[in-house]
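Student: I am attaching a structure below and will ask some questions about it afterwards.
A short reminder: the numbers here are calculations on the coordinates, not readings from a lab. These numbers come from a predicted model, not from an experiment. Here Cβ is always computed from backbone atoms with ideal geometry, including for glycine, and neighbour counts include all displayed protein chains.
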Amino acid sequence: MNAVVGSDDLLLVTLDTLRFDVAEELAAAGRLPNLVRHLPGGVWEKRHAPGSFTYASHQAIFAGFLPTPAAPGPHPRLFAARFAGSESTAERTFVHDTPDLLSGLAAVGYRTVCVGGVGFFNGIPPLGSVLPGMFQESHWEPGFGVASPTSFESQVACAEQVVAGLPAEQKLFLFVNVSALHQPNWFHLPGADAGAGDSRATHAAALEYVDRHIGRLFAAASSRRRCFAIVCSDHGTAYGDDGYTGHRLGHEAVWTVPYAHFFLEPGATR
C-alpha cells in the first residue's frame with residue numbers, strides 16, 4: 001500500500017448488512033455480472049467482520065481493521081495507525097501517525113469524502129454525525145437511506161458529482177456506505193409487498209439492484225487515474241437463522257462477510 005497511497009485514488013464501498021452466503025451464491029449463479037468481473041478469480045473472499053453492527057464495524061474499519069480473512073493468521077493489514085506491538089502491521093502496510101485512516105490519508109494530501117447511507121451516516125442526531133464527521137466532506141439525504149427504493153442510484157449520482165468537481169491533481173479517498181441491502185429491502189423483489197416483509201430472497205434482490213448500478217460508481221472512481229477499490233460488507237444480518245433476526249448479535253450469518261480488493265484502471269469500467 002505504500003506504493004498505492006499517494007499515487008492512486010482510493011475507493012471503499014461497504015455493502016451494509018450483506019451476508020457472505022448470499023453474495024457467494026449470486027456470484028456463482030451469474031447474477032452479479034458487474035461485480036464479478038472485478039472480483040479476483042471471479043469470487044468473493046470469505047472474511048470475518050470486525051463488528052456486528054454498522055457503528056462498531058465502521059469505527060474499526062476506519063482505524064484500518066478491515067474484515068479479517070477467515071483463516072488462521074496473522075494477516076498483514078493494508079492500513080494501520082502506528083501502534084507498538086501490532087502483529088498485523090507489516091512492511092507493505094501504509095502506516096500513519098494519526099488515530100484513524102481518514103486523517104492519515106488527509107495528512108498525505110487526499111480529499112476524504114463520505115457518501116452516507118444508513119442512519120449512522122445521516123448527520124441528523126449527534127450519533128449520526130460521528131462517522132461522517134471523520135471526513136473532510138460528507139453527503140447524505142433521505143434518498144440515500146434505507147427506505148428509498150432508488151437509494152444506490154442517488155448515491156452514485158452524488159459520487160459522480162464529487163469526482164467531477166475535483167481538480168485533476170487532487171487525490172481522492174471516496175467512501176460509499178450502500179444502504180440498499182439493509183432492511184427494509186422487500187421493495188427490490190418484484191411482486192413482494194410490505195406485508196410479507198424482508199427475507200433472504202429480498203436481500204438477494206437488493207444486491208442484484210446494486211450490481212446493476214455499481215459500474216457507474218467504478219467508472220467515476222477511476223475516471224481521473226487508477227483507483228484501488230475495496231468492496232466488502234461491514235457485517236451480515238439474520239433472516240430467521242436459528243431463530244435470530246437482524247444483527248448486533250453473534251451468529252455466523254452476521255460475522256461472516258464477503259470481501260474483495262482490486263485495481264480499477266482508468267476507463268476500464270465504461
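Student: Counting only Cα atoms, I'd like the Rg/Rh figure for segment 87-126, Kirkwood definition for Rh.
Tutor: Reported Rg/Rh, Kirkwood definition of Rh: 1.11.
Student: Another one. Taking the Cβ-Cβ separation of residue 225 and residue 194 as r and a Förster radius of 35 Å, what is the calculated FRET efficiency to the nearest 0.05?
Tutor: It comes out at approximately 0.20.
Student: What is the distance, in nm, between label points placed 7 Å from the Cα along the Cα-to-Cβ direction at residue 263 and at residue 108?
Tutor: 1.6
Student: Still on this structure: Which order do the peptides 152-159, 96-103 take when ranked by the mean count of other beta-carbon atoms within 10 Å per residue, highest first? Before the final figure, lay out the partial values.
Tutor: Numbers: 152-159: 21.9, 96-103: 17.6.
Highest-to-lowest ranking by the protection proxy: 152-159, 96-103.
Student: In deg cm²/dmol and to the nearest 500, what is the mean residue ellipticity at 222 nm of the chain if only DSSP H runs of at least 4 residues count, each as -39500 (n - 2.57), divided by the residue total?
Tutor: Working: 8 runs with 72 residues, N = 270.
The per-residue figure over the chain is -7500 deg cm²/dmol.
Student: If you count, for each residue, the other Cβ atoms within 10 Å and average over each peptide, how do 160-166, 255-261, 81-87, 111-117 line up from highest to lowest?
Tutor: With the highest mean Cβ count within 10 Å placed first, the list reads 111-117, 255-261, 160-166, 81-87.
Student: Additional query: If you average the alpha carbon positions of segment 1-77 and of segment 88-160, how far apart do those two centres end up, in angstrom?
Tutor: So the two Cα centres are separated by 16 Å.
Student: Taking the Cα centre of the chain as origin and charging only Cβ (+1 Lys, Arg; -1 Asp, Glu), how large is the dipole, in debye to the nearest 20?
Tutor: Approximately 540 debye in magnitude.
Student: What distance in nm separates the simple spin-label points at residue 137 and residue 241, each placed 7 Å from Cα in the Cβ direction?
Tutor: Inter-label distance under the simple model: 3.7 nm.
Student: For residue 29 and residue 164 in the same chain, what is the full-extension length gain: residue separation times 0.36 nm, less their Cα-Cα distance, in nm?
Tutor: Working it through step by step, the gained length comes to 45.1 nm.
Student: If you bin the C-alpha pair distances of segment 43-193 every 5 Å from 0, what whole percents do you get?
Tutor: Histogramming segment 43-193 at 5 Å steps yields 2, 9, 15, 18, 18, 17, 12, 6, 2, 1, 0 percent.
Student: How large are Rg and Dmax for the chain when calculated on the C-alpha trace, in angstrom?
Tutor: Rg, Dmax (Cα atoms, Å): 17.5, 55.
Student: Please work out the Cα convex hull volume for segment 193-233 and give it in Å³ per residue.
Tutor: Cα-based convex hull of segment 193-233, divided per residue, equals 73 Å³.
Student: Given the C-alpha atoms of segment 177-270, compute the convex hull and give its volume per residue in Å³.
Tutor: 97
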